[in-house]
Amino acid sequence: MIRTFQGIKPTVPKSCFIEDTAVVIGDVVMGDECSVWFNAVVRGDVNYIRIGNRTNVQDLCMLHVTHDTHPLIIGNDVTIGHHVVLHGCTIHDRVLVGMGAIIMDGAVIGEDSVVGAGALIVEGRIVPPKSLILGSPAKVKRSVTAKELAWVKESAENYVRYAGQYLSDSGKNAGFKV
């Protein structure tokens with residue numbers, strides 16, 4: 001569902017897949033070939049959300065912002081795993097956020113990084129590019145490997161394909177390569 005809030009309607013290209021049980025609200029601008037999956041909430045009500053191209057927001061995610069201080073900015077080719085909470089943070093390009101991770105206000109995740117499942121990134125934490133970050137509270141364990149970077153890219157590509165399949169099944173295919 002795409003919902004207007006205070007007169008502001010989300011901007012969602014036709015190439016995006018928004019599952020019927022997901023909700024995208026307010027000041028949200030999505031890039032091309034994004035997907036928002038079952039029961040996810042993308043809530044741009046008290047600040048703005050920007051989501052880059054080919055980014056996927058998986059089942060049960062909660063994406064929100066902080067009034068007047070922290071928007072939510074997500075780059076291109078980002079995978080946001082099942083049940084992730086992103087709140088007023090910045091996620092740069094080609095990042096995989098593992099299932100159940102929580103990233104708080106003002107945190108910044110550098111490009112080409114992997115946030116492990118269940119990680120807690122505390123408020124204001126700056127994670128350098130190409131980091132593997134694990135734990136609660138999360139710590140940088142090491143640099144990501146070439147194999148892990150390939151896995152991040154593959155994950156984003158897979159979700160573009162899955163979204164195209166769902167759009168085809170619904171009769172709404174808008175140019176996805178299925």
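Select from Val152, Leu120, Ile103 the residue farthest towards the positive end of the dipole of segment 95-178; place +1 on Cβ of Lys and Arg, -1 on Cβ of Asp and Glu, and compute about the Cα centre.
Result: Val152.
So for segment 2-170, if I pair up every lysine 8 or more residues apart or on another chain, how many of those pairs have alpha-carbons under 25 Å apart?
Lysine pair count for segment 2-170: 8.
Using the scaling law 2.2 N^0.38 Å as the reference, what is the normalised Cα Rg of segment 82-144?
Rounded to two decimals, the normalised Rg is 0.92.
Below 8 Å, C-alpha to C-alpha, sequence gap of six or more: please give me the relative contact order for the chain in percent.
About 14 percent, as a whole number.
Order the peptides 97-108, 130-141, 76-87 from the highest to the lowest mean number of other Cβ atoms within 10 Å of their residues.
76-87, 97-108, 130-141
Taking neighbour Cβ counts within 10 Å as the exposure measure, how do Arg142, Arg50 sort from fewest upward?
Ranked by crowding around the Cβ, least crowded first: Arg142, Arg50.
What does the convex hull of the Cα atoms of the chain come to per residue, in Å³, rounded to a whole number?
That works out to 85 Å³ per residue.
Using the crude model of +1 on Lys and Arg Cβ and -1 on Asp and Glu Cβ, and no other charge, please compute the dipole size for the chain relative to its Cα centre, in debye to 20.
Using Cβ point charges on Lys, Arg, Asp and Glu, the chain gives about 300 debye.
Would you please state which residues of segment 16-56 a label at Asp105 would reach in this model, taking the label point 7 Å out along Cα→Cβ and a backbone N cut-off of under 17 Å?
What the label zone holds, given the 17 Å backbone N cut-off, is 43-49.
Rule-based calculations on the coordinates, nothing more; no lab input. Predicted, not measured: the structure shown is a model, and the values here were computed from it. Reconstructed Cβ throughout: ideal geometry from the backbone, glycine too, with neighbour counts over all protein chains shown.
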